[in-house]
Amino acid sequence: MEKFSAKKCSLQILSKQHVMLHVTLTHRYLLLPVEENQGLVRIKVIQNGDVKQVLNVKLAIHNSDYSVPLALQQWEGKTVLLDIVFSENTSVLKSIEDYVCWELLQYSETFDTENREKFRPIYHHTPSYGWMNDPNGLFYNKGIWHLYYQYNPYGSQWENMTWGHATSENLVHWQHEGTPLLADALGMMFSGSAVVDHHNTAGFGEGAIVAFYTAAGDNQTQCIAFSNDEGKTFQKYSDNPIITAPIADFRDPHVFWNEDIQQWNLILAAGKEMFIYTSKNLKVWHFESSFGFGYDTDDEVWECPDLMKLPIKGTDRCAWLLICNINPGGPFGGSATKYFVGSFNGYEFNCESNLLKSKWMDYGKDHYAMVTFDNAPEHRRVGIAWMSNWEYANEVPTQQFRSANTVPRDLSLFVYDGETYVSSIPSEELLHMRKEIVDRPMPACELVIDITSQQADLEIVLQNHLKERVIMKYKPQHETFSFDRKHSGNVSFHSTFAKKIEAPTLGKITQLRIFIDKCSIEIFDAEGKMVMTNLVFPTESYDEMKLIGLATCTIYRLE
């Protein structure tokens, strides 16, 4: 690693907020020091008068929290010019030439992504470094699960949205594959979906992967890109954007092939509604209808929709599920995932429930942006969600990375008390993570709790020797399950994190499956009627458990 001296490279000061400097292209990376509590700094990478890239980074002024890599070998030539503008509200007690970033910039041939975080999960998907939010473009093809995600490679807080990419053969262990979709003149890469075009309806090639995304510039527009190498690289469509509208919050297209009408459907979020479109070729889309009027509340913004036909357990019938991720407006504050069940004829969705009745896919604080994989085998509907909450996602106590995704869940429907609900169970692939049975909780484990009586309450306590603890209670007479993380460990980073939450169980629970990882606890009724996902940040892992009530527990170590 070679020290970079901005002062030796003639730091050109243009104002108290504006500098320029030349960077040689003799190394693979320039490491940028980040100080998270500072304002964003805009950096333009300029070569021969052309802007090659624009990024926003919180460059270190007083001290560095960590560094992020700016890849230099993507540009040909000898040098590039960095045009650097600090925000006007930057408040410091030193002159711009004395900022520590100029001494901490470094050339390097490598960038260290070795895990340095005590809270990095063992078996949940995370980015190797940087910020992640919504899962995007999920699809399965030729034995491989593909997961794209909203990604900031220049810091561990939201900014610079690109699509990161990971692949897996088993839905559990993920391989990082780079950042195949980057910002362009139309804007940053917001959320979307991807489909396998088996019959070449778009003309990009048989079996091409076609990605749909929102370009977030001055306005939000819908665009496509295609891949002929199994989603490793994409070429953006020359006639983008393909869908526009005079709506500020207009994003997150989700596309699927509808066998019933032999056409493609697209559903996207438009303010507090969902717009539905049809197409024969994935390029030209026809608006068909909207859904949502009267179903929203004043503070909600609708995002990340999904729409699918699912079987109803215990019957030979199917119904349609419309997933709607909202922020704010969750049942316990912040972001959450609600859903509607009804009928869909390919052109219009009709909800079967009372418009005032909200149904929540997960009653935890940390489940958002749930979407499902296209082309999953055996007609499965497998979903993954972002495991955080917009109330505090930028502030959780990690820095090398921020945010993980939930374990995968298989979706179906069931009927309880005359209403149709979503059943969400851990995907079968998670069974292969089970290793030996152990006698106490571990940093990565699954608790299988068999409840032997419905006459008395059950209390489950997980704790460590510091008495940091979470308390879970099942009340069969009230058909409720609660989770209290007020004393779970570090709860000081945000005022809304320490909370007790409660979910309806929609019937009796006979078995619970509880997935514990370094910073999360996901609780499933084994039949999928109740799910709850919550982050926790204990000083030390929970290694003690108390069961108060009539139940037995088997603990599996997971890896």
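The values are calculated or read from the model by the stated rules, or taken from the named source; none is laboratory data. Predicted, not measured: the structure shown is a model, and the values here were computed from it. Reconstructed Cβ throughout: ideal geometry from the backbone, glycine too, with neighbour counts over all protein chains shown.
Data overview
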{"item": "Residues of the range 232-252 satisfying the condition of being charged (D, E, K, R) and under 21 Å from the mean Cα position of the chain (by Cα)", "result": "232, 249, 251, 252"}
{"item": "Residue that is within 14 Å of residue 266 (Cβ to Cβ) and over 19 Å from the mean Cα position of the chain (by Cα), where the choices are 194, 202, 225, 211", "result": "202"}
{"item": "Subset of the range 295-341 that is polar (S, T, N, Q), touching a strand residue (DSSP E or B) at 6+ places or on another chain (Cβ under 7 Å) and assigned to a loop (DSSP other than H, G, I, E, B) - its residue that is modelled with the lowest pLDDT", "result": "327"}
{"item": "Residues within the range 387-409 that are surrounded by fewer than 24 Cβ atoms within 10 Å (Cβ to Cβ), of a type in the set (D, E, K, R) and in contact with a Gly (Cβ under 8 Å, 6 or more places away or on another chain), tallied", "result": "1"}
{"item": "Qualifying residue in the range 51-68 (condition: among the acidic types (Asp, Glu), in a loop (DSSP other than H, G, I, E, B), in contact (Cβ under 8 Å) with a residue 40 or more places away in the chain and under 30 Å from residue 167 (Cα atoms))", "result": "yes"}
{"item": "Qualifying residues in the range 502-521 (those that are closer than 13 Å to residue 448 by Cβ and assigned to a strand (DSSP E or B)) - the one farthest from the chain's Cα centre (by Cα)", "result": "511"}
{"item": "Residue match in the range 173-184 (condition: crowded, with 16+ Cβ neighbours inside 10 Å, out of contact with any helix residue (DSSP H, G or I) (no Cβ under 8 Å at 6 or more places or on another chain), more than 30 Å from residue 33 (Cβ to Cβ) and not acidic (Asp, Glu))", "result": "no"}
{"item": "Complete set of residues in the range 155-199 that are charged (D, E, K, R) and either assigned to a loop (DSSP other than H, G, I, E, B) or within 12 Å of residue 232 (Cα to Cα) (or both)", "result": "159, 169, 177"}
{"item": "Residue match in the range 390-402 (condition: out of contact with any strand residue (DSSP E or B) (no Cβ under 9 Å at 6 or more places or on another chain), modelled with pLDDT under 95 and in the same structural domain as residue 135 (by TED's automatic domain parsing))", "result": "no"}
{"item": "Within the range 168-185, tally of residues that are in contact with a Lys or Arg (Cβ under 9 Å, 6 or more places away or on another chain) and at negative phi", "result": "4"}
{"item": "Boolean, residue 93 is of a type in the set (A, V, I, L, M, F, W, C) and either in contact (Cβ under 8 Å) with a residue 60 or more places away in the chain or assigned to a strand (DSSP E or B) (or both)", "result": "no"}
{"item": "Test result for residue 415, among the β-branched types (Val, Ile, Thr), surrounded by fewer than 20 Cβ atoms within 10 Å (Cβ to Cβ) and within 17 Å of residue 313 (Cβ to Cβ)", "result": "yes"}
{"item": "Residue ID - nearest to residue 339 (Cα to Cα), chosen from residues in the range 511-554 that are among the β-branched types (Val, Ile, Thr) and surrounded by 15 or more Cβ atoms within 10 Å (Cβ to Cβ)", "result": "531"}
{"item": "Some residue of the range 258-268 being closer than 21 Å to residue 138 by Cα, free of Cβ contacts under 8 Å to residues at least 12 places away in the same chain and assigned by TED's automatic domain parsing to the domain that holds residue 247", "result": "yes"}
